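A short write-up of the structure that comes next.
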């Protein structure tokens with residue numbers, strides 16, 4: 001097994017902090033280092049490179065293209081799993097779409113996500129997202145942008161699982 005494919009070391013502190021299995025801590029740390037480098041250089045932080053670095057899902061292009069681009073390369077589902085990429089559809093106010101990495105599944109209707117540029121040029125870790133779809137299929141969600149307050153409803157394509165090619 002190569003170093004790139006080895007499972008990252010899990011520490012007792014990870015369990016205490018509630019960082020679940022499925023989240024690649026090495027990739028997450030690398031993504032955060034890249035963000036810091038960009039910010040220190042006065043450059044913009046975007047959701048796509050952050051999600052690609054943090055998840056290992058190697059898709060290029062604007063966020064709204066990820067769902068279609070993943071077909072045949074990665075398993076896609078409407079069920080959230082820690083480490084998966086949540087693919088938001090484009091909207092009038094979010095024309096390029098958005099991608100985020102599921103950091104923890106709280107329940108069948110709530111997850112926590114890590115993502116970049118929801119707040120301009122910043123990374124948000126452990127942000128709550130609730131499924132508000134009628135059929136509990138994660139097709140529509142609300143994101144907690146400020147503590148205790150969920151914003152408007154956003155359409156979601158589903159979840160792209162890293163390192164799981166469709167068969």
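Taken together, the values in this text are just the output of simple stated rules run on the coordinates, not laboratory data. Note that the coordinates shown come from a computational prediction; the quantities given were computed from them, not determined experimentally. Counting neighbours? That spans all protein chains shown, and the Cβs are built from the backbone with ideal geometry, glycine included.
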* Structure fact -> What the Cα atoms of the chain span along the principal axes, largest first and in whole Å, is 42, 42, 34
* Using a basic spin-label model with each label point 7 Å from the Cα along Cα→Cβ, how many nm lie between residue 135 and residue 120? -> 3.8 nm
* Asked: Under a no-solvent Debye model with one identical scatterer per Cα of the range 94-167, what's log10 I(q)/I(0) at q = 0.16, 0.21, 0.27 Å⁻¹?
  -> -0.59, -1.00, -1.52
* What residues from the range 94-136 fall in the zone where the backbone N is under 13 Å from a label point 7 Å along the Cα-to-C-beta line of residue 41? -> none
* Multiply the residue gap between residue 78 and residue 94 by 0.36 nm, knock off their C-alpha separation, and tell me the result in nm, one decimal place. => 3.7 nm
* Asked: Based on Cα positions only, what radius of gyration and what Dmax would you give for the range 20-71, in angstroms?
  -> 12.0, 36
* Using a Förster distance of 30 angstrom, determine the FRET efficiency expected from the C-beta separation of residue 106 and residue 71, and round it to 0.05. => 0.60
